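Structure record follows, encoded as structure tokens.
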2 protein chains.
Amino acid sequence: MTANTDLLKKIERSLHDALLMGEAKNSPPTLQKAIQHAVFPGGARIRPQLCLAVASACGNDDANLSKAAATAIELLHCASLVHDDLPCFDNAATRRGLPSVHAQYGERIAVLTGDALIVMAFQFLASSGTRSPLRLAPLIKTIAASVGAPHGIVAGQAWECESKVVLKQYQKEKTGALFEAATAAGAQAAGADAATWRPLGEWLGEAYQVADDIRDVLADQKLLGKPIGQDIAHDRPSSAKDLGLVGAVQHFDELVFKAIHSIPACKGEKILRALVAKEANRLIPEAWFADTERPLHHFAAV
Amino acid sequence: MTANTDLLKKIERSLHDALLMGEAKNSPPTLQKAIQHAVFPGGARIRPQLCLAVASACGNDDANLSKAAATAIELLHCASLVHDDLPCFDNAATRRGLPSVHAQYGERIAVLTGDALIVMAFQFLASSGTRSPLRLAPLIKTIAASVGAPHGIVAGQAWECESKVVLKQYQKEKTGALFEAATAAGAQAAGADAATWRPLGEWLGEAYQVADDIRDVLADQKLLGKPIGQDIAHDRPSSAKDLGLVGAVQHFDELVFKAIHSIPACKGEKILRALVAKEANRLIPEAWFADTERPLHHFAAV
């Protein structure tokens, strides 16, 4: 799919530009390497893709700003992974098939790498907001709310330190919030209304979390590039544990269906639907459940 | 001094407002408590005081924005302390006479508290930039550069993970950068030129770091509210180690002298000079060196 390849190239280039901003000849070399390691090679870059796809659908009249918003969102996602992998949380030795940042560069550098990426996200956004300065504040508010307290990624992660957890809220904050921000920010960067686009991010974020739970139980370690069974090992909330495997897969399919049907009528509607369907099949491939009745046909034809 | 008391009250109120933004009835309670613990009770709040004093001197035509800049700077300072105290860095059990955040709430919550405070700083700034939207981007760039990579607090902290360190650069990044941002941001928030005000922050930041080294060797633990001798215990760079105690005190006095004399002619000049002199005496009291020849008389009369 050409559109996706172009989108991905644009995202990689922009991430590269953002990281350049944090580099200097006389800056501490290990931190510099660790920041690169945390961002490249990346995962599916689904959040920035979503952000750019929504911006496109909304006219994308400030391509520089939407690109910066998408990039900031991915930098914040990478930051959360680095801190999530820390010994005091998941103690994950690998990430995307490579050593995690703390495994490669030590715990101290991993803490600092996450911090640097959070700062860089807002710095890059501010550096790209010159053409549409009135859009900068709303964009920062949208993105910041999705990663901080009381209801962003940090809050989601903090539920892992509580004895009582509401699964839905935990999932919404830890994963859903940044998906929602990706669609809302994509709209805001293009001067469009954020609220119309929030449901897409919301449903997709929930689907993504359910997929993650399923993959944690099911998938081959090589495929994911990270240790599996982490949720059960760490006694974390998991919909695969709560609903059973088949129930969780059905739930996933329903969420993807809702996501696809939340996309408002617009120019980029078709590309967006295809992107979501493709991503759904990347997350929970049809082939894994060849012999199971799945409602995937709901969106297989979009 | 009434001016200072008013300034401090304003800062505490604004920090309180910023933290409210991160609170909700159904947010993870431990994180919420830990964020409060990280910010209240505070230290001397010298960075936000500096920021507001400079904004005042520059006319302060958007009091909401300068207050937000000062608040963001203090939140970022608090974040850096929380992460600095972590077991993998200083492993400090106390801070400002109380348990450090990780000692009180655990390592995971301490990592998340720092993250949340960094995000909150930019979020609060964006929320307060409505009256002068064109000032928001430059302000964020100034403040972000002073805490991130390649030359902000995070970079300074990352030098602690390197075998070769240039003391001057380490000090400049770990402490000086945020002081410089405090004066530059104070000016920018008031629509004034940042560059004119950077030297004040620069000299004062360097003085502060030297004072910290001196206090680390000298001061009574109760007075500082944190364990002493940490630099030597952790084999960190220290000017008290490099220059000797008397040399370090002389260096401190010279830096304060330069700071005071860098203040450009302006309406708030006198208040600023007094603030700096007062802070210098708070850091390294005359009484500690009653029988030593010190160049403190240079600014004792300002």
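Here are the numbers for the structure shown:
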item	result
Segment A:E162-A:A24, extension gain: residue separation times 0.36 nm, minus the distance between their alpha carbons	45.6 nm
Estimated dipole of the protein assembly as shown in Debye, rounded to 20 [Cβ of Lys and Arg +1, of Asp and Glu -1, Cα centre]	1060
Near-label residues of the stretch A:56-93 by backbone N, under 19 Å of a point 7 Å along Cα→Cβ of A:R131	A:56-73
Cα-projected label distance for A:D17 with A:F40, points at 7 Å along beta-carbon direction, nm	1.5
Restricting the stretch A:134-191 to GluC sites (Glu not before Pro) in coil, as DSSP defines it, with at most 14 other Cβ within 10 Å	A:E162
Residue (of A:G114, A:F40, A:A181) at the positive-pole extreme of the stretch A:2-300, dipole from beta-carbon charges	A:F40
Dimensionless Rg ratio for the stretch A:54-180, taking C-alpha atoms and the 2.2 N^0.38 Å reference	1.15
29 Å Cα-Cα threshold exceeded, pairs from B:K9/B:K267; A:K172/B:K172; A:K67/A:K267	A:K172/B:K172
Relative exposure of B:H102, B:H77, B:H261, judged by other C-beta atoms within 10 Å (fewest first)	B:H261, B:H77, B:H102
Computed helical MRE - 222 nm, chain B, DSSP H runs ≥ 4 contributing -39500 (n - 2.57), nearest 500	-21000 deg cm²/dmol
Whether the stretch A:2-300 is rounded, prolate or oblate, judged on the alpha carbon gyration tensor where a/c under 1.5 counts as rounded	oblate
Coordinate range along principal axes, alpha carbons of the protein assembly as shown, Å, largest first	89, 46, 45
Gyration tensor verdict on the stretch A:1-125 (Cα atoms; rounded if a/c is under 1.5, prolate if a/b is larger than b/c, oblate otherwise)	prolate
Across the identical copies, how the B:A195 labels are spaced - nm, sorted shortest first, 7 Å along Cα→Cβ	4.6
Rg(Cα) / (2.2 N^0.38 Å) computed for the stretch A:123-168, rounded to two decimals	1.58
Label 7 Å beyond Cα on the Cβ vector: B:P87 copy-to-copy distances, nm	0.7
Other-copy label distances relative to A:G59, 7 angstrom Cα-Cβ extension, nm	3.5
Kyte-Doolittle mean at least 0.5, axial Cα span of 18 Å or more - DSSP H helices of chain A	A:63-84, A:107-127, A:133-147
A:N4-A:V246 FRET efficiency (beta carbon distance; Förster radius 35 Å; 0.05 resolution)	0.70
A:K267 versus B:K33: modelled label distance in nm, points set 7 Å from Cα along the beta carbon direction	5.3
Computed over chain A: relative contact order in percent, which uses C-alpha pairs under 8 Å that are six or more apart	18
In the stretch B:75-131, trypsin sites (Lys or Arg not before Pro) in a DSSP loop with at most 16 other beta-carbon atoms within 10 Å	B:R96, B:R131
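A short reminder: the numbers here are calculations on the coordinates, not readings from a lab. Fair warning: this is a prediction, and the values are worked out from it, not measured in the lab. Because the Cβ atoms are built from the backbone with ideal geometry, glycine has one as well, and the counts that use them run over all protein chains shown.
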